[in-house]
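**Student:** This is the structure I want to talk about, given as structure tokens.
The values are calculated or read from the model by the stated rules, or taken from the named source; none is laboratory data. Predicted, not measured: the structure shown is a model, and the values here were computed from it. Cβ atoms come from the backbone with ideal geometry, glycine included; neighbour counts cover every protein chain shown. These area figures cover heavy atoms from the full protein model, side chains too; ligands, DNA and RNA do not enter into them. Shrake-Rupley method; radii C 1.70, N 1.55, O 1.52, S 1.80 Å.
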Amino acid sequence: MTATVAPLLSARLSLTPKTTLTGLLDGAWWPRTHDLAVELPPLVDALEEHFGRITRVAVNPTRWPVVPHKVAVAGHTVHVGWFTEQDPDKMILLSYTVSRCDLLVIPPETEPAAAARLMTAAALPGSVLAAGALMSDEAATGRRMRDARSCEDAWETDGGAAPAPLRHPLVGARMIAMPRHLRR
């Protein structure tokens, strides 16, 4: 009997293009689960070509039910630390060469359209929006879109607005006032 191993999925990652503009974030990451031990290896593999060997990761434990102290990644170990003072929507990765990479962490349960908007916004060069601000802006956008859809659904299901009553019996006809002596 042979066991099959599931292939390692690639990281869903959006990075800021290399420019002279520096922002608060270097991009965004959309993990598939809340399991940091499973999610970190593909992320670190994807980042190492841009940032060098990742050696340490810092997260806020609010978003991760279990924070392992060490995670094995392609021939080396990444040390993981947690800080409750850190923005819960941000992950900091440290490397030998570039020193630091700050990523917006998009919750796995986020709808694909919202995740795409967040990944694009976080990768804008020179952006001064913090991770928490991006997440709250997206939450507000999502609420506005749901409200607009519910209004549109209500419009469609109630038949729309009733037509306005006609002011004149002939639509588009000119009404000419009759002299008083011809009226009965």
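**Student:** Between the range 23-59 and the range 96-115, what is the C-alpha centre distance in whole Å?
**Tutor:** Result: 8 Å between the Cα centres.
**Student:** Whole-Hz ³J(HN,Hα) for each residue in the range 79-89, computed from phi via Karplus 6.51 cos²θ - 1.76 cosθ + 1.60 with θ = phi - 60°, x for glycine and proline: what do you get?
**Tutor:** 8, 10, x, 10, 9, 6, 6, 6, 4, x, 9
**Student:** Evaluate E = 1/(1 + (r/R0)^6) for residue 124 and residue 69, where r is the Cβ-Cβ distance and R0 equals 25 Å; express this FRET efficiency to the nearest 0.05.
**Tutor:** 0.15
**Student:** Round to the nearest 0.05 the FRET efficiency obtained for residue 145 and residue 19 when R0 = 25 Å and r is the Cβ-Cβ distance.
**Tutor:** So, using R0 = 25 Å, E works out to roughly 0.25.
**Student:** Would you rank 110, 20, 84 by solvent-accessible area, highest first, keeping every protein chain in place and using a 1.4 Å probe?
**Tutor:** 20, 84, 110
**Student:** Can I ask one more? Once the piece of chain linking residue 9 and residue 113 is laid out straight, how much longer is it, given 0.36 nm per residue of separation minus the C-alpha distance between them?
**Tutor:** 35.4 nm
**Student:** Please list 3J(HN,Hα) in residue order for the range 15-20, calculated via the Karplus relation 6.51 cos²θ - 1.76 cosθ + 1.60 where θ = phi - 60°; whole Hz, with x for glycine and proline.
**Tutor:** 10, 5, x, 5, 9, 7
**Student:** Averaging over every viewing direction, what projected area does the convex hull of the Cα atoms of the range 46-102 cover, in nm²?
**Tutor:** Directional mean of the projected Cα hull area for the range 46-102 stands at 3.9 nm².
**Student:** For 83, 51, give the ranking by accessible area with the largest first, probe 1.4 Å.
**Tutor:** 83, 51
**Student:** Karplus couplings for the range 36-48 from phi (6.51 cos²θ - 1.76 cosθ + 1.60, θ = phi - 60°), rounded to Hz, Gly and Pro as x?
**Tutor:** Per residue, the Karplus-derived 3J(HN,Hα) values read 4, 5, 7, 7, 5, x, x, 5, 4, 4, 5, 7, 5 Hz.
**Student:** Tally up the carbon and sulfur contribution to the accessible surface of the range 1-103 as a whole percent, 1.4 Å probe, everything protein left in place.
**Tutor:** In the range 1-103, the share of accessible area belonging to carbon and sulfur is 58 percent.
**Student:** Which cross-chain or sequence-distant (5 or more) residues have an amide H under 5 Å from the amide H of residue 81, H modelled 1.01 Å from N in plane?
**Tutor:** Here 57, 58, 59 satisfy the definition.
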